[in-house]
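S.K.: Got a structure here, written out as structure tokens. Questions coming.
Since every read-out is calculated from the coordinates, none of them should be taken as a lab result. Predicted model only: the values in this text are computed from it and were never measured. Counting neighbours? That spans all protein chains shown, and the Cβs are built from the backbone with ideal geometry, glycine included.
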Amino acid sequence: MTGFVKNAWYVAGWSREIDAELRRVTLLNEHVVMFRKSDGSVVALEDRCPHRLLPLSKGKRIGDTVQCGYHGLTFDCSGKCVRVPGQTNLPASAYVQAYPIVEKHDIVWIWMGDPAKADPETVFDMPEFSDPNWAAHQGDALHLKSNYLNVAENLVDPAHVSFVHPTTLGSSASENVPVHVRTEGEAIVAWRWIRDAEPVGFFKAFGGFAGNVDRWHYYYLYTPCTAVIDFGSIDTEKHCAEEDRDQGVRIFALHFMTPVTETHTIDRWMHLRNTAQDDPEAADRMDAMFRKAFAEDQEILEAVQQEELRPAKRRPIRIAIDKGPLVYRKRINDLLELERTEDLASDPSPAFVYHD
Amino acid sequence: MTGFVKNAWYVAGWSREIDAELRRVTLLNEHVVMFRKSDGSVVALEDRCPHRLLPLSKGKRIGDTVQCGYHGLTFDCSGKCVRVPGQTNLPASAYVQAYPIVEKHDIVWIWMGDPAKADPETVFDMPEFSDPNWAAHQGDALHLKSNYLNVAENLVDPAHVSFVHPTTLGSSASENVPVHVRTEGEAIVAWRWIRDAEPVGFFKAFGGFAGNVDRWHYYYLYTPCTAVIDFGSIDTEKHCAEEDRDQGVRIFALHFMTPVTETHTIDRWMHLRNTAQDDPEAADRMDAMFRKAFAEDQEILEAVQQEELRPAKRRPIRIAIDKGPLVYRKRINDLLELERTEDLASDPSPAFVYHD
Amino acid sequence: MTGFVKNAWYVAGWSREIDAELRRVTLLNEHVVMFRKSDGSVVALEDRCPHRLLPLSKGKRIGDTVQCGYHGLTFDCSGKCVRVPGQTNLPASAYVQAYPIVEKHDIVWIWMGDPAKADPETVFDMPEFSDPNWAAHQGDALHLKSNYLNVAENLVDPAHVSFVHPTTLGSSASENVPVHVRTEGEAIVAWRWIRDAEPVGFFKAFGGFAGNVDRWHYYYLYTPCTAVIDFGSIDTEKHCAEEDRDQGVRIFALHFMTPVTETHTIDRWMHLRNTAQDDPEAADRMDAMFRKAFAEDQEILEAVQQEELRPAKRRPIRIAIDKGPLVYRKRINDLLELERTEDLASDPSPAFVYHD
């Protein structure tokens, strides 16, 4: 098992999932209790009383504080203990951890690492969220019995589409079309164009195309757990350039992965579209197609996870289409190593490493 | 995990639970086969044939012996092998362990430790069992997915009552009433009086009080696994002294904890009352109220156990109300240490410990 | 846990269980994908793609090749990779293991060890399979939650019959009849005759005997996992000699044990009979009696397995009737030791072992 990158924003839920009730949420193998306080903002505290370890989510709210259900220790929204029944002093060690929260575009983000490093400016965003030409729609919270790395690697891997989704997102005609990979700052981008081909299931349903199309897949994977898949189709005769994809029917499928445990990941997915923006039924039909496709992924990813838990007879092989996943895995390992120790040098100058 | 104190009497069952049939009982993570022999006394043997390890409870009784269901090895009530089919010699190593048993007040007690240390005189007793002014009634065998230490500590902890049982045994009015703790020989006693208050649910139902009452809780915890809770109410105007509690409506709730495994405890509870002694319906109504209250404990104790099994981020805190549990935990640890080694000195004089 | 002998033929299934579909079979804690190719022969491959570890059984057949369901890597029946989509080179390490298969008498045998040692001539056979005086009938694939060693030892153990199967295969009259044991090449043989006794349930049903019979049990156990039980009855007055058992009503019950995991064994059983050869109802009635008897074994074997997984308090004892199991256990341990290392000397002459 690899471990989790802690200094990052993770999705704790769609905004609609969090209300005034105490609710347990599990992320990175830790239990958090969440609720909206009276001003509507979201609070996240360690879900374990420091006294007898009862989850605070088993207790109750008293105004904007949380009272433990066993002996009544009470904590404010910063995690500070404000009452210990039976005594008047409030020891400093009577606290629970509080987690930074940002709510944006109807999504609740949480920071599980060092609070001092939590910068709200680095929460994921994209201009289409605020662009009236685009319609956004939240889909499901899909529970996958798989490590988040397997889920993420699947989302920077256009090659699997021909084999896993032959009737929805891909077709066997594109099995051998090569995959390109580059990095763009924090994103790893894997993409390919399938030129002059029959529209696939999805764009038969939504494009209204008469003849052949050029179809693209751009997979953007942001470390550690956000993926954007830009895919679309356009009449082959328009000879679309890479930068003009907006002229076609274009969809962004967003995946926010929340590692729950080492073998359980929630994939919250949503989509943005530049077509049928005012038609809520279009969103529902897209949901239905995505659900079918993601159930195909689920079967693969959960079977892979089961195998990974078994003894290895030899090292797995890597092939040409794995460039995106390999860069991703390296980035994750670098981040984990960075978090494994605490570097106290402001400008670290390792003593024994020279590159001539 | 802490382990179990072996040299102690534990409740193996209510008398009504054991009859002529072979019955597997699990205590301290060991399997025991129990039955009543022809003279009505209870026998307890190691539930594992020394040959192929088949549980003897899968075999059958032949008179007052037990025959293994696999190859017919037969054991008498002392655990000695009296038959090996296919051969005439009976090797000395062909035996199963036999456990001392005492049956008293319709309760079957078992000794899982060194039989030479088992003294029937030390089985739990109290004068009210034999007093005609008192009515005794056996309740349930409540299975708790929790370590026995958590269950026991809950039973020397009057402070939780206000928060866990606000509608049955306690009320929020008493949240801050201080808890007193003392030791009385083998018992740890934690108690508090709530003076001049409205009767709580239980005594609304059973006391018939018109005005305010003085209410008491005395928790007696006998190491390792017996708890007696003396609680009652009396008219505030009577100015009841501590030693005159018999003049009020007084109930003893007894809890006999049987550790099954490290995370499973049976809490057999019963009650004695000095009111409505001849009214069996009163016993049933008390059972119903206890069941409600103990289900409240169960939810707490099982959630606490789940948390204890997870990694600790830091040491739990202890507070003023924890005096009783702390003394109990220390006593258990001392007993475990005593059993961990075998002290061969009759008057142990440690060589290197001096206290000036 | 003892481990598995790998260089041996194991039953992977009745022939009727394997068809053109990809089917996962688990043996010796390894997953294998099996199918019949277009010429009707059976193929067995490691059920794990060397790329992302997806089980090949989740993929699909393309002619006589298997295509992985994740990225389309394709393997031929020898396990060689013949296609990697997205690239033209086929690295040598892109392979899956292929397992030798022999199909004989409607049974599929597999070799999980070193393929160079797999000799089809050593697959189990017996002349009665091809003898028109005998009728063969395949029974069930009985799943036992027990280690194969416990199952096998039960099959070289005539003594348990009196206690486990008192109403079907045995009777209490024979509890003390001694068991004989010898080895015959690869077989361990345990047997006993019960002379001049009432027929047991099985031969009441099938023998049509009027008076007393001589009854025999011969248990042949072939290391590691094949057992033949030769049992039958004959009129006592015929004074049957050991070698004339064919003159009586004679049944062979065959057990092919397939270790699935350390605690799960499939017992595929079948029978051959020299009576009622043309009566299919006789086979069905025998199945019904065997199912009853083997369910009795199942309860014992699974209870024993549960006990074996618990801590041992002392060494189990062995008694006179255990000779067959003891020889079997020794043979298994010798084979495991032989496989544990790789002996490179063609004629190993250990340097320091002298027997004068």
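S.K.: In whole angstrom, how far apart do the alpha carbon centroids of the stretch C:278-335 and the stretch B:198-228 sit?
M.R.: If we compute the Cα centre of each part, the gap is 57 Å.
S.K.: Taking a label point 7 Å out from Cα toward Cβ, give me the nm distances from B:D125 to the same spot in the other copies, shortest first, one decimal.
M.R.: Once sorted, the set of distances for B:D125 reads 7.9, 7.9 nm.
S.K.: Grab the DSSP H runs of chain C that are 4 residues or longer, score each as -39,500 (n - 2.57), total them, divide by all residues and round the 222 nm result to the nearest 500 deg cm²/dmol.
M.R.: -5500 deg cm²/dmol
S.K.: Determine the sum of side-chain charges near B:N154: Lys and Arg each +1, Asp and Glu each -1, restricted to other residues whose C-beta is under 11 angstrom from that of B:N154.
M.R.: For residues surrounding B:N154, the net value is -4.
S.K.: Shortest first and in nm to one decimal, what separations exist between C:D114 and its copies in the other chains, measuring from label points 7 Å along the Cα-to-beta-carbon line?
M.R.: When each copy's label point is compared with this one, the spacings are 5.5, 5.5 nm.
S.K.: Right, here's the next one. Between the stretch C:33-109 and the stretch A:1-64, how far is it from one alpha carbon centroid to the other, in angstrom?
M.R.: The two parts, judged by their Cα centres, are 47 Å apart.
S.K.: Can you list, shortest first and in nm, the gaps between the label point of B:L90 and those of its counterparts in the other copies, using a point 7 Å from Cα in the C-beta direction?
M.R.: Ordered by increasing distance: 7.2, 7.2 nm.
S.K.: At what distance in nm do the modelled label points of C:E337 and B:A312 sit from each other, each positioned 7 Å from its Cα along Cα→Cβ?
M.R.: Between C:E337 and B:A312, the simple spin-label model gives 4.6 nm.
S.K.: Excluding A:I300 itself, what net charge comes from residues whose Cβ is under 10 Å from its Cβ, given Lys and Arg +1 and Asp and Glu -1?
M.R.: Once all neighbours under 10 Å are counted, the net charge is -2.
S.K.: Starting at the first residue of the stretch B:260-272, write each ³J(HN,Hα) from the Karplus equation 6.51 cos²θ - 1.76 cosθ + 1.60 with θ = phi - 60°, in whole Hz, x for Gly and Pro.
M.R.: 8, 10, 5, 10, 8, 10, 9, 10, 8, 10, 8, 9, 10
S.K.: If you check each cysteine of the protein assembly as shown for another cysteine whose beta-carbon is under 4.7 Å away, which ones come up empty?
M.R.: A:C77, A:C81, A:C225, A:C240, B:C77, B:C81, B:C225, B:C240, C:C77, C:C81, C:C225, C:C240
S.K.: If I take all pairs of Cα atoms in chain C, what percentage of them are more than 27 Å from each other?
M.R.: 54
S.K.: Amide H neighbours of B:D140 under 5 Å, counting only residues 5+ apart in sequence or on other chains, H built in-plane at 1.01 Å?
M.R.: Under 5 Å from the amide H of B:D140 lie the amide H atoms of B:W269, each far enough along the sequence or on another chain.
S.K.: Over the stretch C:126-334, what is the mean sequence separation of C-alpha contacts under 8 Å (at least six apart), divided by residue count, expressed as relative contact order in percent? Intermediate values should be presented prior to the final figure.
M.R.: Details: 373 pairs, mean separation 58.9, N = 209.
Worked out over the stretch C:126-334, it gives 28 percent.
S.K.: So, one more: Using modelled backbone amide H atoms (1.01 Å from N, in-plane), which distant-in-sequence or interchain residues come within less than 5 Å of A:Q97's amide H?
M.R.: A:E46
S.K.: Output the relative contact order of chain C, whole-number percent, from Cα pairs under 8 angstrom with separation of 6+ residues. Write out the running numbers ahead of the final one.
M.R.: Numbers: 652 pairs, mean separation 60.8, N = 356.
In percent, rounded to a whole number, it is 17.
S.K.: Specify the angular offset, from 0 to 90 degrees and rounded to the nearest 10, of the alpha carbon long axis of helix A:323-340 from the longest principal axis of the alpha carbons in chain A.
M.R.: The angle comes out near 10 degrees.
S.K.: Relative to the longest principal axis of chain B, what angle (0 to 90°, nearest 10) does the C-alpha long axis of helix B:280-308 take?
M.R.: 80
S.K.: In a shell of Cβ-Cβ distance under 15 Å around B:V84, excluding B:V84 itself, what net charge do Lys and Arg (+1) and Asp and Glu (-1) give?
M.R.: Net charge around B:V84: +1.
S.K.: Please find, among residues of chain B, the one with the beta carbon closest to the rotation axis relating it to chain C, distance in whole Å.
M.R.: For chain B, the closest residue to the axis carrying it onto C is B:L309, 12.
S.K.: Placing +1 at every Lys and Arg Cβ and -1 at every Asp and Glu Cβ, with all other atoms neutral, what dipole size does the protein assembly as shown have around its Cα centre, in debye to the nearest 20?
M.R.: 380
S.K.: A follow-up question, please. If you keep only loop residues by DSSP, which GluC sites (Glu not before Pro) in the stretch A:1-91 have at most 13 other Cβ atoms within 10 Å of their Cβ?
M.R.: When the GluC sites (Glu not before Pro) of the stretch A:1-91 are filtered for loop state and at most 13 Cβ neighbours within 10 Å, A:E21 remain.
S.K.: Not counting the cut sites, what is the longest span of chain C without trypsin sites (Lys or Arg not before Pro) that DSSP labels loop and that have at most 13 other Cβ atoms within 10 Å?
M.R.: Result for the longest clean stretch: C:1-312.
S.K.: Assign unit charges at the C-beta atoms only (+1 for Lys and Arg, -1 for Asp and Glu), then state the dipole size of chain A relative to its Cα centre in Debye, rounded to the nearest 20. Please list the in-between numbers first.
M.R.: Details: 39 positive and 54 negative charges, 296 e Å.
It works out to roughly 1420 debye.
S.K.: Given B:L56, B:P120, B:F35, which one lies farthest toward the positive end of the charge dipole of the stretch B:9-120, if we put +1 on the Cβ of every Lys and Arg and -1 on the Cβ of every Asp and Glu?
M.R.: Comparing the listed Cα positions along the dipole, B:L56 ranks first.
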